[in-house]
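Below is one structure, written out as structure tokens; the observations come after it.
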Amino acid sequence: MPEVTMTVNGQEASGDVEGRTLLVQFLREHLRLTGTHVGCDTSQCGACVVHVNGQSVKSCTMLAVQADGSAVTTIEGLASGNELHPMQAAFHENHALQCGFCTPGMVMSAVDLLQKNSSPSETEIREWLEGNLCRCTGYKNIVKAIQHAAAGDAA
Amino acid sequence: MYDFGYHRPNSLTEANAAVDGATDPVLMAGGHTLIPALKLRLAQPSDVVDLCAIDELKGIRDDGDALVIGAMTTHCEVAESDLVMSRIPALASLAGGIGDPQVRHRGTIGGSVANNDPAADYPAGCVGLGATIHTSKRQIAADDFFGPSFDTALEDGEIVTAVSFPVPGKAAYAKFPNPASRYAIVGVMVAKTSDGVRVAVTGAGHGVFRDTAIELSLADAFTADAVAGSGADEDDLNSDIHASAEYRKHLIGVMAKRAVTAASG
């Protein structure tokens, strides 16, 4: 059984996995980091988005062994202690969630967008969120929150 | 998903050895078609040979009158490459329209080409631009590489290493995407090259094809007004819940006009 070692949210994590173990399974079931969700399991919905080496990916469509040696950031790794990440704060302040299931993936995807483009237009935000689905259809406030985070309006 | 042996070779030599040593191996590039297929048990290989650590398969280089793109180069890297944007902007645009950002971070040109999904974008890019597919064994013209749906000229264990694209005079890709999957309902690459006009169509049929009627119509005047209707036989086009064959045939002409307009802009 392959052993994988990766840095998850700044800490080294390792474990024995099967070749077929998905990265999201390793995060949720081995490391008990259940903030990363599985929505569709078919690469469509984006609830499982995490960062691997700084880039947003769908962790349901990546094997744990593919992330061996990588640096992974999950939703649990964004806040500093009790202080929310500016994107989390912006989602909170703008009520950018309804049921909240898609939120971890939305936040991780949005953080990656601002890494690439610090002042995206509304169109660019909506195009970027192509791979993140909100079944509550709460996109309006999600887009607003990302605009506020980009403008530095979040607390 | 059934379990499998996992291999991450560091060179093509090691990859060939891993393939030769397995009973029923499969090559993995970005994994964004393979992993979903494994989950559905549509593929049940004994071993997965992951090509992600092979440096010789990565990167984009300027080869004078062509760009050579390594097989493991991601769609995002092609879309954001200054070199591709300046030499073949149509190709950067095509890569930037595949799937969604997270898919583009993992999916690769080599994987897309080897998979030959009949609605994928890269096959139209390769055939439309007259590309050459480089493999671990030989070089194959795109016109000879892509067969009907999911079929290619690749032999068992043969690894796509790079794709070289001659720099066209003008080119553009226009796609009518499925709004859910972003795959092409119809996608058309139009290129004005030193060998004449090439028009390649994806999504409409059972694999990428050249629309010779539209190519001929553009031979004298490369303008949107000159674009003729598609020469495709409706019996050869897809008809499904997304679009009838008749509608797809119409869309080929519309997308070709849009591509010519964009290429001339």
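The values are calculated or read from the model by the stated rules, or taken from the named source; none is laboratory data. Since this is a predicted model, take the numbers as computed values, not measurements. When we count neighbours, we look across all protein chains shown, and the Cβ atoms used for this are built from the backbone with ideal geometry, even at glycine. Accessible surface is based on the protein model in full, side chains and every heavy atom, while ligands, DNA and RNA are left aside. Shrake-Rupley method; radii C 1.70, N 1.55, O 1.52, S 1.80 Å.
Taken about its Cα centre, region B:58-166 carries a charge dipole of about 220 debye when Lys and Arg each add +1 at the Cβ and Asp and Glu each add -1 at the Cβ. Take each residue of peptide A:58-70, count the partner chain Cβ atoms within 10 Å of its Cβ, and average: the result is 5.
Here B:ARG41 sits with roughly 110 square angstrom of accessible surface, probe radius 1.4 Å. Projecting the Cα atoms of B:TYR6, B:GLY31, B:ALA17 onto the charge dipole of region B:5-50 (Cβ charges, centred on the Cα centre) puts B:GLY31 farthest toward the positive pole.
When the accessible area of region B:62-193 is computed with all protein chains present and a 1.4 Å probe, what percentage of it is carbon and sulfur? Present the calculation step by step, with values, prior to reporting the outcome.
Numbers: 2100 of 4330 Å².
Here carbon and sulfur together make up 49 percent of the probe-accessible area.
Measuring spread by the Cα atoms of chain B yields a radius of gyration and Dmax of 18.1, 57 Å.
How would B:HIS105, B:HIS250, B:HIS7 line up by accessible area, probe 1.4 Å, largest first?
On the way: B:HIS105 10, B:HIS250 115, B:HIS7 60 Å².
Heavy-atom accessible area, descending, gives B:HIS250, B:HIS7, B:HIS105.
Could you list log10 I(q)/I(0) for region B:186-228 at q = 0.14, 0.21 Å⁻¹, which the Debye formula gives when each Cα is one point scatterer? Per q value, in the given order, log10 I(q)/I(0) is -0.29, -0.63. Tell me, what is the FRET efficiency for B:TYR2 and B:SER149 to the nearest 0.05, using R0 = 35 angstrom and their Cβ-Cβ distance as r? Plugging the Cβ-Cβ distance into 1/(1 + (r/R0)^6) gives 0.90.
Per residue, chain B reaches -8500 deg cm²/dmol at 222 nm when only DSSP H runs of four or more residues are counted, each adding -39500 (n - 2.57). Sorting B:111-117, B:200-206, B:16-22 by average packing, meaning the other beta carbons within 10 Å per residue, from highest down gives B:200-206, B:111-117, B:16-22.
Remark: mean inter-chain Cβ contacts per residue of B:6-19 equal 1, using a 10 Å Cβ-Cβ cutoff to other protein chain atoms. Using a probe of 1.4 Å, the accessible surface attributed to A:LYS116 totals some 90 Å² when neighbouring protein chains are kept in position. Of the cross-linked pairs A:LYS116/B:LYS137; A:LYS58/B:LYS137; B:LYS58/B:LYS192, which ones have a Cα-Cα span greater than 30 Å in the structure shown? Where the Cα-Cα span goes over 30 Å, the pairs concerned are A:LYS116/B:LYS137; A:LYS58/B:LYS137. One Cα centroid belongs to region B:239-256, the other to region B:179-231; the line between them spans 13 Å. With the simple model of a label 7 Å out from the Cα in the direction of the Cβ, B:ILE241 to B:GLU80 spans 3.5 nm. The residues of region B:49-194 have, on average, 35 Å² of accessible surface per residue, using a 1.4 Å probe with all protein chains present. Debye-formula intensities of region B:62-126, expressed as log10 I(q)/I(0) at q = 0.23 Å⁻¹, are -0.96 (one equal scatterer per alpha-carbon, no solvent).
Take each residue in B:38-47, count the other chain C-beta atoms within 10 Å of its C-beta, and the mean is 1.
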